[in-house]
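Scroll down for the structure; my scribbles are underneath it.
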Amino acid sequence: MAALLRIVTSLGEPATLAVAVSVGWLVAQIVLLVVGMPNTRPRRSEVASVLCAFGFDTVALEDLHIEIPGFSALLAIDRSGRELFVKIMSREAWTSQLPLRTWRWIRFRGVGDDHPFAAMRRPVDREALGALKAYADGVPTARLAVSTSIGVDSKLLAFDSFEAHPLSMFADDEWTPEILAEIWRSVGELRASRTAHHRLSADHLILDGSGRVRIVEFSSAELGAPERVLAVDVAEVLAVTAAHVGSEATVAAAVAELGAPAVAAALPRLQPLALTDSTRALVKRTGCLDQLAAEVRRVTGATDVPLENLQRVRPNTLVAIVMTAVAVWALVPQLLGAGDVWGLISRANWGWALMAVLLSAFTYVAAALAFAGSLPDPVPLGPNVEVQLATSFVAVAATAASMALTARFLQKRGIDLAGAIAAVGVNTVAGVVVHLSLLGVFIGFGGTKILDQFELPSMSLFGLIMAVVVVVIGVALLIPVVRRVARQHVVPPVQRSWRGLSDIARNPTKLAELFGGSAGITLGYILALAASAQAFGSELSIITIALVYLIGSVVSSAAPTPGGIGAVEATLIAGFTSAGMRADVAFGSVMLFRVATFWLPLVPGWFSYERLQHEGAI
């Protein structure tokens, strides 16, 4: 759609219109921030009047500093000492949560979320109905006293107040067997009501003054829920209680109250994505989830069922889609200025095109050689080449996935994680060293006058960018959290890579494999690009083509798109045209190069990835 709009729009580019709208919205928000905006939240006098209309003679209203997303909370007291817990949702609060609701709706499914643009009254009415149904069915909860509209487009709910002690505030040693039994008794009564809560964290399990555990907050409730949905609450409470009292006591109490089938049905939901934010943080801190699932399977005799897929779109996929759209947007001008591309393709020399494909295949053998040089022990050539092909496939999903796959392959071969990371780091460092060395060599052969043909940033701009980078890094390192992350996750891999490189330097054979293979990768890509250019009749020298590739790959490496999609093409085309190549020849040469080195290897890369998985090599 972006490409189509860019082509057919004549009066103004869509990007210009989008920027104009965004700037206008931003200015409007700044104006409202400066001059103020209407406060639509109801006043205390309005709250007192509404409660009075429902027969509650309010004499005092106290703010309750309780975090309830989208709601503000008050405690209302009448002359007889009766208390109501009052929740108010304003339009302002509901609108402020739109970005979060939209993100969750895009990413997740089956987690009890409404459509992000649903009316504000929907969660309020749902909570009122869920609370009434649960209370009528004997579920221990608070009785709903008032549900009404108030003020300018706000909603009010009021519940009979009770002595409340949220279990989220309890220390581990306060979770007694009696409380554990009460929790599962309440969950059992909620299941008997066929009501799914969808948010049954410790924040919504409240111990009252009589020792009963009450369930509150039904804004995501689902009435008449099937067994698969009822298992959502069981999984949540299993995770909450296991984090405090351990897996054995948790599963024993749950099976005693609900029965083994109901507990076993929660297994597909025993995963972090299925849990609320607070419970997810709790199980991450305690690390109890795997042990809990194993205990459920042991006690119930359930098989090892697969986890339920709750993600519509993975974050990496979403980023890849956005970045690919940006890349396509950047390529459209190159396509429009390329002239008669299809006529040029029909006149291409396909012998040179085949040579580009063969040179691309050679780079994977060179990559396997370099990888073998980064390891102290030998690796069979066949699996090694397969791993290099598989990395070309997984790198499309995420740039770092290729490194993770390589490290996984080494772990499967008995190398510990530290050694695997060190080998990947050594391989990466060698590639950078060879790339920069070859850049210096070709500049030396071609003379600096070739660089004058390229439209490179000025040294002052380059210096300014470097200064900004240094300042940002320096400021970041002043923050204790950033220093701790760098000390724990950045410095150790760098040190391991340096030690690994030092060890390899003492072994001439390994050193030749490592740097020879790295040089083979870069030279193979340069020759593949030269063959692609020859296929379309280019007259540029090999030195110029090498400089275009070496400089262009450095510039495009900063692009966040998988495999540099869009950025590589745009950079290489710009480099060729700056060096004097016709736009149509530049476009055809770069497209052929990318097909040979990026798109075609995806097919054998997918087969290699599947075969390595089937054999348990990754």
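Residues of region 130-153 being in a loop (DSSP other than H, G, I, E, B) and either closer than 19 Å to Trp184 by Cα or among the aliphatic types (A, V, I, L, M) (or both), which ones?
Asp137, Gly138, Val139, Pro140, Thr141, Ala142, Val152
Among all residue pairs at least 6 apart or on different chains, which show Cβ distances below 7 Å where the first residue, located in region 406-428, is surrounded by 14 or more Cβ atoms within 10 Å (Cβ to Cβ) and the second is modelled with pLDDT of 80 or more and β-branched (Val, Ile, Thr)?
Pairs found: Thr406/Val387; Thr406/Thr391; Phe409/Val387; Val424/Thr406.
Can you run down the residue pairs with Cβ atoms below 6 Å, 6 or more apart or on separate chains, where the first is in region 559-572 and at pLDDT 80 or above and of a type in the set (Asp, Glu) and the partner is buried (at least 23 other Cβ atoms within 10 Å of the Cβ) and part of a helix (DSSP H, G or I)?
Glu569/Val590
Quick check: anything in region 154-162 assigned to a loop (DSSP other than H, G, I, E, B), over 21 Å from Ser49 (Cβ atoms) and either open to solvent by 10 Å² or more (accessible area, probe 1.4 Å) or not aliphatic (A, V, I, L, M) (or both)?
yes
Residue by residue, here is whether (1) outside any helix (DSSP H, G or I); (2) over 30 Å from Gln411 (Cβ atoms); (3) open to solvent by 20 Å² or more (accessible area, probe 1.4 Å); (4) touching a residue at least 12 places away in the same chain (Cβ under 8 Å) holds:
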| position | (1), (2), (3), (4) |
| --- | --- |
| Ala528 | no, yes, no, yes |
| Ser538 | yes, yes, no, yes |
| Val548 | no, yes, no, yes |
| Val590 | no, yes, no, yes |
| Ala596 | no, yes, no, yes |
| Pro604 | no, no, yes, yes |
| Ser608 | no, no, no, yes |
| Gly616 | yes, no, yes, yes |
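Just a yes or no: is a residue in region 60-74 part of a helix (DSSP H, G or I) and open to solvent by 50 Å² or more (accessible area, probe 1.4 Å)?
no
Just to be sure before I move on: is Ala164 more than 35 Å from the chain's Cα centre (by Cα) and farther than 22 Å from Thr276 by Cα in the structure I sent?
no
Quick check on region 104-129: of everything there that is part of a loop (DSSP other than H, G, I, E, B) and open to solvent by 50 Å² or more (accessible area, probe 1.4 Å), which residue is farthest from Ala192 (Cα to Cα)?
Phe117
Which pairs do you get when a residue that is free of Cβ contacts under 8 Å to residues at least 12 places away in the same chain, found in region 272-290, comes within reach of a residue that is assigned to a helix (DSSP H, G or I) and not polar (S, T, N, Q), reach meaning Cβ atoms under 6 angstrom, with the pair 6+ apart or on two chains?
Arg280/Pro272
Please work out if Trp184 is open to solvent by less than 70 Å² (accessible area, probe 1.4 Å), touching a residue at least 60 places away in the same chain (Cβ under 8 Å) and farther than 22 Å from Ile66 by Cβ.
The answer is yes for Trp184.
Checking the condition closer than 17 Å to Leu157 by Cα and hydrophobic (A, V, I, L, M, F, W, C), which residue from Leu33, Leu74, Leu98 passes?
After ruling out the rest, the residue left standing is Leu74.
Just one of Val263, Val283, Val237, Val299 is closer than 13 Å to His198 by Cα and either in contact with a Leu (Cβ under 8 Å, 6 or more places away or on another chain) or surrounded by fewer than 19 Cβ atoms within 10 Å (Cβ to Cβ) (or both); which is it?
Only one candidate qualifies: Val237.
Restricting to region 16-59, count the residues that are surrounded by 12 or more Cβ atoms within 10 Å (Cβ to Cβ) and of a type in the set (Ser, Thr, Tyr).
3
Would you be able to say whether some residue in region 143-153 is within 38 Å of the chain's Cα centre (by Cα) and open to solvent by less than 40 Å² (accessible area, probe 1.4 Å)?
Checked region 143-153: no residue is within 38 Å of the chain's Cα centre (by Cα) and open to solvent by less than 40 Å² (accessible area, probe 1.4 Å).
Going through region 370-405 one residue at a time, which ones are assigned to a helix (DSSP H, G or I) and either at pLDDT 90 or above or of a type in the set (Ser, Thr, Tyr) (or both)?
Hits for region 370-405 are Thr391, Ser392, Ser402.
When you scan region 163-178, how many residues do you find that are of a type outside the set (S, T, N, Q) and either modelled with pLDDT of 95 or more or in a loop (DSSP other than H, G, I, E, B) (or both)?
Residues in region 163-178 being of a type outside the set (S, T, N, Q) and either modelled with pLDDT of 95 or more or in a loop (DSSP other than H, G, I, E, B) (or both): 5 in total.
Take the residues in region 188-228 that are out of contact with any Ser or Thr (no Cβ under 6 Å at 6 or more places or on another chain), touching a residue at least 60 places away in the same chain (Cβ under 8 Å) and assigned to a helix (DSSP H, G or I), then tell me which one is least open to solvent (accessible area, probe 1.4 Å).
Here the answer is Gly188.
Is there any pair with a first residue in region 355-378 that is more than 9 Å from Glu513 (Cβ to Cβ) and a second that is part of a loop (DSSP other than H, G, I, E, B) and open to solvent by less than 70 Å² (accessible area, probe 1.4 Å) whose Cβ atoms are under 7 Å apart and which are 6 or more apart or on different chains, and what are they?
If the second residue must be part of a loop (DSSP other than H, G, I, E, B) and open to solvent by less than 70 Å² (accessible area, probe 1.4 Å), the pairs left are Ser360/Pro601.
The values are calculated or read from the model by the stated rules, or taken from the named source; none is laboratory data. Owing to the predicted nature of the structure, the values given are computational and were not obtained by experimental measurement. No Cβ is skipped: glycine too gets one built from the backbone with ideal geometry, and neighbour counts run over all protein chains shown. SASA here: full protein model, heavy atoms, side chains in, ligands and nucleic acids out. Shrake-Rupley method; radii C 1.70, N 1.55, O 1.52, S 1.80 Å.
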